[in-house]
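Shown next, in structure tokens, is the structure this report addresses.
The values are calculated or read from the model by the stated rules, or taken from the named source; none is laboratory data. Quick caveat: nothing in here was measured; it's all calculated off a predicted structure. Every residue, glycine among them, receives a Cβ derived from its backbone with ideal geometry; neighbour counts consider all protein chains shown.
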Amino acid sequence: MTVVRSVVGPRVFLASLRITVLQFLADPQWIIGSAAAPVVFALTAFEIYRFSSPTLVLFSILGGGMMSMWAQTLYGSGWATSQDRFLGTLEPTLGAPVGYVWVVAGRVVWNTISGLLGGALVFGVVALAYGRPLPVKDPALFAVLFVVVMLALSTVGLLFTALFVFSRYAGFVQNIGEFTFYVITGCMFPILILPFWTLPFSLAFPATWALEALRAATFPSYGGLSWGVAGDLVGTLALSLAYVVASWGLYRWVVRYLSDKGGGTADDY
């Protein structure tokens, strides 16, 4: 059985990735959420900041890009389970001889890629509107850390998808969580300007650490947290790994739970 899972798992991942791409292209509402809306918000912020510090222009880019990435991650993750509930495919999929996490991983990876493309679109549009080189200390490093931020977000999406298996209110959590996440992770502004008591909540998300690393390494004159870029990257890696392990363990627990109940249905928990 272990050999079967190790062979079938990657094939299921690729099949899930393929069908998620086709669903994304077939439904224009996802394109609006991941591309059009973040560009509008980024351009609005740019118009507000364009005659201020160049660093604020970079914040408008990062904020708009994060909107694209997180919206796609959160809503895609919520729908990853909700669609199985709606279509009645959650129980058969959980009972298949391959981990449900492979199915979800294919969906989350595409959400990551589409969010990254939306972020790149935001960057390009604002850069053109700015009309001169952006004040980034190291553009190559900025691009690399932008990808790190997206990967950190994908681990959050993976864990949320696992938690959504147990909830009938995934849509409610998505709507509440979207704007809360923008604030708590500091995607629109540094977390250092938030009340001190919110800091533990902010640092519980790997995306917060990744964003701090990006700003500290590429933004001119950015102070950031006291432990510097190296500490930010260590925190990002550690928390991302913890999220992945927690997600994997949670999915395995779900399968064992249903097996002990003799099958059961998604509404039993």
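For this structure, a couple of remarks:
- Among the conditions (1) in a helix (DSSP H, G or I); (2) within 21 Å of the chain's Cα centre (by Cα); (3) within 20 Å of residue 185 (Cα to Cα); (4) at pLDDT 85 or above, residue 230 misses just one, which is (2).
- Restricted to segment 109-134, and to residues there that are out of contact with any Asp or Glu (no Cβ under 9 Å at 6 or more places or on another chain) and small (Gly, Ala, Ser), the residue that is nearest to residue 13 (Cα to Cα) is 114.
- Any chance residue 46 is surrounded by 17 or more Cβ atoms within 10 Å (Cβ to Cβ), assigned to a helix (DSSP H, G or I) and at pLDDT 70 or above: yes
- Selection status of residue 235, part of a loop (DSSP other than H, G, I, E, B), farther than 22 Å from residue 45 by Cα and either at pLDDT 75 or above or over 19 Å from the mean Cα position of the chain (by Cα) (or both): no
Each row is one residue, and each column tells you yes or no for (1) modelled with pLDDT of 75 or more; (2) under 19 Å from residue 237 (Cβ atoms); (3) in contact with a Ser or Thr (Cβ under 9 Å, 6 or more places away or on another chain).
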site: 99; (1), (2), (3): no, no, no
site: 109; (1), (2), (3): yes, yes, yes
site: 117; (1), (2), (3): yes, no, yes
site: 121; (1), (2), (3): yes, no, yes
site: 133; (1), (2), (3): yes, no, no
site: 148; (1), (2), (3): yes, yes, yes
site: 155; (1), (2), (3): yes, yes, yes
site: 160; (1), (2), (3): yes, no, yes
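- Hits in segment 192-214 (condition: within 13 Å of the chain's Cα centre (by Cα) and of a type outside the set (Val, Ile, Thr)): 205, 206, 207, 210, 211
- Restricted to segment 231-257, and to residues there that are β-branched (Val, Ile, Thr) and touching a helix residue (DSSP H, G or I) at 6+ places or on another chain (Cβ under 9 Å), the residue that is farthest from residue 164 (Cα to Cα) is 234.
- Here residue 139 clears all of (1) surrounded by 15 or more Cβ atoms within 10 Å (Cβ to Cβ); (2) at pLDDT 75 or above except the condition numbered (1).
- Failed criterion for residue 204 (all others in (1) within 27 Å of residue 64 (Cα to Cα); (2) part of a helix (DSSP H, G or I); (3) at pLDDT 85 or above hold): (2)
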